[in-house]
Amino acid sequence: IGTGHLSLELGGPRQFGDHGPDPDFDRRAIEWISSGDVEGCLAEVTLDSLHTPGNATHGFMDFMLMMGVAGEGVKADYVDSLDLFHTMEAYFTWYPTGAGA
């Protein structure tokens, strides 16, 4: 079990916007994670680049860790996301033996 977040800014001017600080990053991140696209993620994400979509977006590295544990190209068995007024909530599940587990 793991958790992380997508674009998120705590205590800054973008904290209470209509959506997360960087909806484009959020959409790309959900695609990377749900499809197991580790290489695509690594090609675009660095520790420095994670500060652009918000001051707490570095929590995305938890999702990167989960993708690595699942394996390159392993699709998540369950994916859901909810665009709230200030952040994108995303949920991913990988079952050890697939969705039938």
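Read the figures in this text as sums done on the coordinates, not as results from a lab. For clarity, every value in this text was computed on a predicted model and none was experimentally measured. Every residue, glycine as well, gets a Cβ built from its backbone with ideal geometry; the counts of neighbours run over all protein chains shown.
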Inset, instruction - Compare the peptides 19-31, 66-78 by average per-residue count of other Cβ atoms within 10 angstrom and give them in order, highest first. - result: 19-31, 66-78
Inset, instruction - Normalising by the residue count of the chain, find the relative contact order in percent from Cα pairs under 8 Å and 6+ residues apart. - result: 38 percent
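Once the mean 1/r over all distinct Cα pairs of the range 29-101 is inverted, what Kirkwood radius in angstroms do you read off?
Working: mean 1/r = 0.0774 Å⁻¹.
One over the average 1/r among Cα pairs gives 12.9 Å for the range 29-101.
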Inset, instruction - Compute the acute angle (0 to 90°) between the alpha-carbon long axis of helix 60-70 and the principal axis of greatest extent of the alpha-carbon atoms of the chain; round to the nearest 10°. - result: 10 degrees
Legend entry - Acute angle (nearest 10 degrees) that the helix 23-35 long axis makes with the longest principal axis of the chain, alpha-carbon atoms: 10 degrees
